[in-house]
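Have a look at the structure below, then the notes.
The values are calculated or read from the model by the stated rules, or taken from the named source; none is laboratory data. Because the structure is a prediction, the values reported are computed rather than measured. Heads up, the Cβs are rebuilt from the backbone with ideal geometry, glycines too, and the neighbour counts pull from every protein chain shown.
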């Protein structure tokens, strides 16, 4: 490693910043072990607590894996890490007036785009996966817990068609943050309506009709948002 000068603020933050930059610039690559704690202490001129705090911070960012008795190993951040880091802030935002509606609108904006993209770019293999997810969703009608899972899975396959890990991470995050909304809206009889909406989305995607796929997804999610508002507001 090249030498580094650590500024006198919070030493652990400076150590973490230096190591993060070294990982980003390729000095340490995925699956490679970092130097030992003793080597890092000597390199940065800090004590063991600062090194351990820095490694903990990098672990929370998903950049390193820390195991007792072993040197830290460089890893790749996963969608779950993204969700975990943002969940606290997201739930705080949702608790604010209009917060749930803002997230619902974000989901509509995002998934309408996914449906349109899928209609234009899905491969035959993608369509088979989407059809399978739809069939599993159909078979879960009447079992709300199972239907909830297969509902998420159907939408997730649409996100996977993008071949973009950022999109699948965003989908996973929105599904997690809007979980209470999904459970509230999937009351008796609503699982059948949700499946029917999924079927229309699939048919539009399979027909390569981007406009129809967009419209079907928008109608589906706008209905879900309206129903949630009505249930929570005591209209139903």
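Here are some notes:
- Scanning the range 49-90 for residues being over 15 Å from residue 33 (Cα atoms) and loosely packed, with under 13 Cβ neighbours inside 10 Å gives a total of 3.
- Residue match in the range 52-59 (condition: more than 25 Å from residue 83 (Cα to Cα) and either outside the structural domain of residue 169 (by TED's automatic domain parsing) or touching a strand residue (DSSP E or B) at 6+ places or on another chain (Cβ under 8 Å) (or both)): no
Matching residues to (1) touching a helix residue (DSSP H, G or I) at 6+ places or on another chain (Cβ under 6 Å); (2) within 30 Å of residue 158 (Cα to Cα); (3) assigned to a loop (DSSP other than H, G, I, E, B):
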site	(1), (2), (3)
31	no, no, yes
42	no, no, no
54	yes, no, no
58	yes, no, no
85	no, yes, no
88	no, yes, no
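- Annotation: residue 46 fulfils all but one of (1) surrounded by fewer than 18 Cβ atoms within 10 Å (Cβ to Cβ); (2) not in a helix (DSSP H, G or I); the unmet one is (1).
- Being assigned to a helix (DSSP H, G or I), within 18 Å of residue 227 (Cα to Cα) and touching a residue at least 40 places away in the same chain (Cβ under 8 Å) is a property that holds for residue 107.
- Subset of the range 114-125 that is surrounded by 17 or more Cβ atoms within 10 Å (Cβ to Cβ) and touching a helix residue (DSSP H, G or I) at 6+ places or on another chain (Cβ under 7 Å) - its residue that is farthest from residue 169 (Cα to Cα): 119
- Number of residues in the range 202-215 that are within 23 Å of the chain's Cα centre (by Cα) and within 10 Å of residue 112 (Cα to Cα): the value is 2.
- Hey, residue 191 surrounded by 20 or more Cβ atoms within 10 Å (Cβ to Cβ) and part of a helix (DSSP H, G or I) or not: yes
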